[in-house]
Amino acid sequence: MESNNEPSNINENVETVEVENQDNPLSQNQLIQQWRVNLASLKKDTGFEVPKELDKSDEKVTTALDAIAYLDKKNTLLDENEDFQLSDDGFATYKAKHMIAFEYLSQLKKPDLIRNSAKFYFFSRAKQIEQLLKPNRWVHSLFHLLITLVVILLLGVISLLVLVKTQDNLFVKLLIGWFWIVNIKTLSNLISKYKKSAITPFRFSVSLTGIHSLNVLIKVSLLGFIPFLIMSKYNAYWIDDVIIITLFIICLINFKPDEKPLEQVVEKDLTKAGTANV
């Protein structure tokens, strides 16, 4: 699990930063922010995850993981309370823990991006989100892009057919407009929330868009197309009512109150990704 070349390069960078800091002293908060960025970058590059089963016989790993847990706890306090500051002793402890964590993470090998690349999914947004720390392949993203374009075309045609069938009913127009706005906003919130933590943000976003679009098409098919066929066969006079009710239900399913996109995806979000809507 150790790399002999990477630590030497990283140590040189650390020494350079220390020399610069001597010339331009940074405040406590500025140093902490800089250290947090460095550790976050190392975690992302190495694909670091807290092991589910800890080998307590390895004292070095245990000490490093305890240091990382300590830093995460202090960082949470700093984020939650702008007035919170570390004492001199607390800052010294934070710095020592940071050096332990930095040394441990810098010795981890970078993951094999090809072997550990993200799997391809058609329908499951939850599973796609779970693997955001794995690189998405271009071929997967291109296929998801094709899915997105096909779905948009189909939904556009369906919208036009609905308007023609209902003779440009004003209420139907409003529901169709709401349908498009709701789904675009839901997708935008999903991407804003998770793309910053993805190892390949653009490809991840494209794939998530394709999967979300396909989910929308499936809902439209199940809740709209099938009832429409049944009603057109047994009672054609009720088709307009069925269309209006169906559109309203589809919009309600995807409608959520306004959420401010998170600037960071905390670990709790990642662990709960499996419970996201599919």
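The values are calculated or read from the model by the stated rules, or taken from the named source; none is laboratory data. Source: prediction; values computed, not measured. A quick note on method: Cβ atoms are made from the backbone with ideal geometry, for glycine too, and the neighbour counts reach across all protein chains shown. Please note that ligands, DNA and RNA were not included when accessible areas were found on the heavy atoms of the full protein model with its side chains. Shrake-Rupley method; radii C 1.70, N 1.55, O 1.52, S 1.80 Å.
Take the residues in region 175-186 that are aliphatic (A, V, I, L, M) and surrounded by fewer than 18 Cβ atoms within 10 Å (Cβ to Cβ), then tell me which one is farthest from C251 (Cα to Cα). Among residues in region 175-186 that are aliphatic (A, V, I, L, M) and surrounded by fewer than 18 Cβ atoms within 10 Å (Cβ to Cβ), the one farthest from C251 (Cα to Cα) is I184. Considering only residues that are among the aliphatic types (A, V, I, L, M) and open to solvent by 30 Å² or more (accessible area, probe 1.4 Å), look in region 125-140 and name the one that is nearest to I211 (Cα to Cα). Looking at the filtered set, the residue picked out is V139.
Screening the candidates N235, N189 for the property of being under 12 Å from the mean Cα position of the chain (by Cα) and surrounded by fewer than 20 Cβ atoms within 10 Å (Cβ to Cβ) yields one hit, N189. Of the listed requirements (1) under 15 Å from the mean Cα position of the chain (by Cα); (2) open to solvent by 90 Å² or more (accessible area, probe 1.4 Å), G210 misses just one: (2).
Does any residue of region 219-242 turn out to be closer than 27 Å to R137 by Cα, touching a Phe, Trp or Tyr at 6+ places or on another chain (Cβ under 9 Å) and part of a helix (DSSP H, G or I)?
no
Residue pairs whose Cβ atoms lie under 7 Å apart, separated by 6 or more positions or on different chains, with the first residue in region 180-192 and farther than 13 Å from S213 by Cβ and the second open to solvent by 30 Å² or more (accessible area, probe 1.4 Å) and not polar (S, T, N, Q), are V182/F255; N189/E259; N189/P261; S192/P261.
I need the full set of residues from region 147-174 which are closer than 23 Å to F122 by Cα and either free of Cβ contacts under 8 Å to residues at least 60 places away in the same chain or surrounded by 16 or more Cβ atoms within 10 Å (Cβ to Cβ) (or both), in order please. Those that are closer than 23 Å to F122 by Cα and either free of Cβ contacts under 8 Å to residues at least 60 places away in the same chain or surrounded by 16 or more Cβ atoms within 10 Å (Cβ to Cβ) (or both): I147, T148, L149, V150, V151, L153, L155, G156, V157, I158. Against the conditions (1) closer than 30 Å to L190 by Cβ; (2) modelled with pLDDT of 80 or more, where does S117 fall short? Just the number, please. All conditions pass for S117, except number (2).
Checked against (1) surrounded by 12 or more Cβ atoms within 10 Å (Cβ to Cβ); (2) at pLDDT 85 or above, L78 meets all criteria but (2).
The residue that is modelled with the lowest pLDDT, among those in region 28-46 that are crowded, with 17+ Cβ neighbours inside 10 Å and under 22 Å from E130 (Cβ atoms), is T46.
Checked against the criterion of being among the hydroxyl-bearing types (S, T, Y), under 29 Å from S41 (Cβ atoms) and touching a helix residue (DSSP H, G or I) at 6+ places or on another chain (Cβ under 6 Å), region 150-159 contains not a single residue that satisfies it. Of all residues assigned to region 163-175, none qualifies as being among the basic types (K, R) and either closer than 28 Å to K43 by Cα or part of a loop (DSSP other than H, G, I, E, B) (or both).
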